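A quick write-up on the structure given underneath.
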Amino acid sequence: ASDPLFGNWSGSIAKGAGCPAALPASAGWTGTIRRNAIGQAELVISVPSVGVVNQTVPLIVSGNNIQFAVQIDTVYTFLATLAADRRSFTGTFSGGGCSGTWNGTR
C-alpha cells in the first residue's frame, strides 16, 4: 500500500509510424493500478477515444519497468520506465506494425 505505483493515473498516447488512420494522433488515457485478489498487479485502463473502457489487464512490474498488453484494433504492448519516485513514467508501445509513445502521472 505504501508503493506510489498503486493508485490512479492519467496520461497521453501519441501514435507514431505505421499506425492506422482510424487511430487518433493522440489520445488521453486514465487508469488505476491495483493488486487483484491473489496479490498480482493489474491495470484497469480506459482510452475512450478508441473504445477501451475499464479494461482490466495484467501488469508486469520489474523494478522500475512496467509492461502490459491491451486490445485496441490489434494487440498493443506498452512498455515504460517509472521515474525514481514511481509517480510518473514515459514509454513506448507497438503492435500490428504501429508504434508510438505514451506517458503517465499519478
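The values are calculated or read from the model by the stated rules, or taken from the named source; none is laboratory data. Predicted model, so just to flag it, every value in this text is computed and none were measured. Note that we place each Cβ from the backbone using ideal geometry, even for glycine, and neighbour counts take in every protein chain shown. Note: areas computed on protein heavy atoms with side chains; ligands, DNA, RNA excluded. Shrake-Rupley method; radii C 1.70, N 1.55, O 1.52, S 1.80 Å.
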Q | Nearest-20 debye value, the chain charge dipole, Cβ charges on Lys, Arg, Asp, Glu | A | 140
Q: Report the full-extension gain for the segment Ala84 to Ala22: residue separation times 0.36 nm, less the Cα-Cα distance, to one decimal in nm.
A: 18.8 nm
**Q.** the chain: most fluctuating residue of Ile60, Ile38, Ile13 per GNM, C-alpha cutoff 10 Å
**A.** Ile38
Q. Which of these, Val75, Val61, Val47, has the largest mean-square fluctuation under a Gaussian network model of the chain (Cα springs below 10 Å)?
A. Val75
Q: Quick one: work out Rg over Rh on the C-alpha atoms of the range 15-106, Rh as Kirkwood radius.
A: 0.95
**Q.** Environment charge at Gly104 (Cβ cut-off 12 Å; Lys +1, Arg +1, Asp -1, Glu -1)
**A.** +3
Q. Summing +1 for each Lys or Arg and -1 for each Asp or Glu, what net charge is found among the other residues whose Cβ lies under 15 Å from the Cβ of Trp29?
A. +2
Q. Within the accessible area of the chain, what % is carbon and sulfur when the probe is 1.4 Å and the other protein chains stay in place?
A. 53
Q | HN-Hα J in Hz across the range 90-106 - Karplus 6.51, -1.76, 1.60, θ = phi - 60°, x for Gly and Pro | A | 9, x, 10, 9, 7, x, x, x, 9, 9, x, 10, 8, 8, x, 9, 10
